[in-house]
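Since the structure comes first, as structure tokens, the remarks are kept for the end.
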Amino acid sequence: TPPDNLENDLETLEIRKSITFHDSYEEEEEEDVKESFHNEGQTSHEQDRQQQPQSKSWLHWTIVGVTSCFACASVGCELTAGGYVYTYATESTHASPSAAFGINTAFWGFLTLGRACAVWTSSKLTPEKTLTINSILSIIAMILPMAAPTSLPLLATGVCMYGFALSSSFPTAFTLADRSTGVSPIAATCFMLGASFGGMTVPLLAGIFIEAYGIHSLLHILTGGNVMSLAIFLGLVWLTTLHKRKRQSIMDVPASGLNLVDDAITANDHSTTTKT
């Protein structure tokens with residue numbers, strides 16, 4: 001009868017309304033959960049972004065300062081060796097001017113050769129390994145002529161090894177700092193100032209010591225500079241490692257927050273499916 005059909009239609013309409021209301025309520029609840037977790041993740045991310053400049057303000061500039069000191073020692077030893085090796089060869093080993101000139105030329109030649117080889121080794125070795133090899137090789141290069149101060153062959157061998165070892169030290173330290181914390185124009189300027197300062201002061205101080213203690217002190221001065229460079233390098237490695245750990249800890253926080261959001265959404269979907 002028509003009244004019965006009307007009652008059935010009304011019941012169907014009421015059921016549809018209740019289902020629609022239930023679905024819309026669940027959708028609003030799911031959106032609220034997503035929005036709350038998104039806001040929490042965004043808040044933690046903003047806090048991390050506020051903390052990152054604070055860590056960079058002291059650790060970044062400490063790495064820049066230590067790298068500048070390394071450039072000062074490395075370039076200073078390089079110019080000192082290139083400037084006084086001729087005098088050392090003529091006075092200590094009593095070499096002829098032509099032989100002393102040949103040793104001086106060999107130093108700069110192996111320095112250039114080492115920088116050419118660094119183009120290939122930079123893709124095979126990490127900056128830490130390259131600087132470690134350079135530091136050890138430079139110390140060995142000075143021990144050879146110190147073992148026999150009057151031997152011209154040992155002097156020539158040590159000078160060639162020394163030039164090859166110093167060739168890529170400063171560029172590799174630059175790369176290490178850049179990979180760790182990034183090199184801004186101001187940081188690059190600090191590196192060049194450190195290298196220029198070492199190129200001016202270290203040969204001057206070496207000349208003062210040579211005048212006071214003789215030309216034989218040149219090898220001791222260069223060895224001391226190498227040991228100082230090694231100590232600065234170890235400090236630089238420690239700082240870059242510390243910076244990487246801090247940066248990794250900052251990057252892990254947002255990732256954990258996103259995992260919590262995904263877990264919450266999955267749990268909410270599971271509960272919705274169970275209710276349905």
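Below, the figures for the structure above:
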{"read-out": "Volume in Å³ per residue [convex hull over Cα atoms, computed for segment 76-245]", "value": "107"}
{"read-out": "Given charges at beta-carbon only (K, R positive; D, E negative), |dipole| of segment 76-245 in Debye", "value": "580"}
{"read-out": "Charge sum, other residues only, whose C-beta stays under 15 Å from GLY83's C-beta, Lys/Arg counted +1 and Asp/Glu -1", "value": "-3"}
{"read-out": "Packing rank of 210-219, 60-69, 75-84, where each peptide gets the mean count of other beta carbons within 10 Å, highest leading", "value": "75-84, 60-69, 210-219"}
{"read-out": "Ordering of 128-137, 164-173 by packing [mean C-beta count within 10 Å, highest first]", "value": "164-173, 128-137"}
{"read-out": "Packing-based ranking, highest mean first, of 224-232, 114-122 given that Cβ atoms within 10 Å are counted", "value": "224-232, 114-122"}
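Taken together, the values in this text are just the output of simple stated rules run on the coordinates, not laboratory data. Since the structure is predicted, the reported quantities are computational estimates derived from the model, not experimental observations. Glycine also receives a Cβ, built like all others from the backbone with ideal geometry; neighbour counts cover every protein chain displayed.
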